[in-house]
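The values are calculated or read from the model by the stated rules, or taken from the named source; none is laboratory data. Keep in mind it's a predicted model, so treat the numbers as computed, not measured. Quick reminder, even Gly has a Cβ in these numbers, built from the backbone with ideal geometry, and neighbours come from all protein chains shown. Protein only, heavy atoms only, side chains kept; ligands, DNA and RNA dropped before computing areas. Shrake-Rupley method; radii C 1.70, N 1.55, O 1.52, S 1.80 Å.
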Amino acid sequence: MRILDSQGRLFGKISVLDLGAALVILMVIVGIFFVPGTTGSVAQVNVTTKPVEVDLIVRGLSVRDPQGLLQQFRDRGKTNIIIRNQPYGEVDVIKIEQQQRTLAVTQPDGTLKAMPDPRQEESFSTNLFMTLGGKAQITNDGPVLGNSKLKIGTPVELEGPTYNFNASVIDVRIK
């Protein structure tokens, strides 16, 4: 009795290719369910998490009731943040204030002076200064929220129940 016949069958009944395919499937099942894998990412092994504060500036936000928007931020105390189109989640709103709009006014001696804009009541545009707080992973390149580095100049998007607008990071402080 021969082990392999002329058609490549084992004992004349099982194809060698079928046997090889069955062994590969068996090894995949064993690898998935029985061999423990590493947990976590190698890039996150020695990363510390610390609280950070981020200052944002919002220029020219079109809003009908700026005081109502400010009150909404103060009442909720949180907002969702999106960094480089990657949602991070909720962060704390530590401080928010409306910035007074100014105009460059020529003085009699020819210099310019910033004066309050007298048309402020007529305008639907406002500037905001915000401070947000959250926990970030601290790497050699700076703080990382979610999977996005957070640095001065980074554009972020703020989203809530009735608003969605962009802001720019002007300061990052690691506590």
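Under 5 Å between amide hydrogens, built in the peptide plane, is the criterion, and for Phe165 it picks out Leu158 among residues at least 5 positions away or on other chains. Computed about the Cα centre, the dipole magnitude for the chain is approximately 580 debye when only Lys and Arg (+1) and Asp and Glu (-1) carry charge, each at its Cβ. A cut-off of 5 Å between modelled amide H atoms, ignoring neighbours fewer than 5 places along the same chain, links Asp117 with Arg101, Thr102, Leu103.
Helix content alone sets the calculated 222 nm mean residue ellipticity of the chain: runs of n ≥ 4 DSSP H residues at -39500 (n - 2.57) each, divided across all residues, give -5500 deg cm²/dmol.
Carbon and sulfur: what percent of the range 22-175's accessible surface (1.4 Å probe)? Carbon plus sulfur share of accessible area: 54 percent. Using the Karplus relation 6.51 cos²θ - 1.76 cosθ + 1.60 with θ = phi - 60°, the per-residue 3J(HN,Hα) values for the range 137-144 come to 7, 9, 10, 5, 8, x, x, 10 Hz, with x marking Gly and Pro.
Straightening the chain between Ser125 and Leu112 buys 2.4 nm, computed as 0.36 nm per residue apart minus the Cα-Cα spacing.
With θ taken as phi - 60° and the Karplus curve 6.51 cos²θ - 1.76 cosθ + 1.60 applied, the whole-hertz 3J(HN,Hα) list for the range 68-77 is x, 5, 4, 5, 5, 4, 5, 5, 6, x Hz, x standing for glycine and proline. Remark on Ile94: its backbone amide H falls under 5 Å from those of Thr131, Leu132, Gly133, a criterion applied only to residues 5 or more positions apart or on other chains, H modelled at 1.01 Å from N. Extension gain for the segment Ser15 to Ile32, taken as residue separation times 0.36 nm less the Cα-Cα distance, is 3.5 nm to one decimal.
For the chain, the solvent-accessible area of protein heavy atoms averages 69 Å² per residue (probe radius 1.4 Å; ligands and nucleic acids excluded). Taken along its principal axes, the alpha carbon cloud of the range 57-175 reaches lengths of 53, 33, 24 Å, longest axis first. Taking a sphere under 14 Å around the Cβ of Thr139 and counting the other residues whose Cβ falls inside, with K and R at +1 and D and E at -1, yields a net charge of +3.
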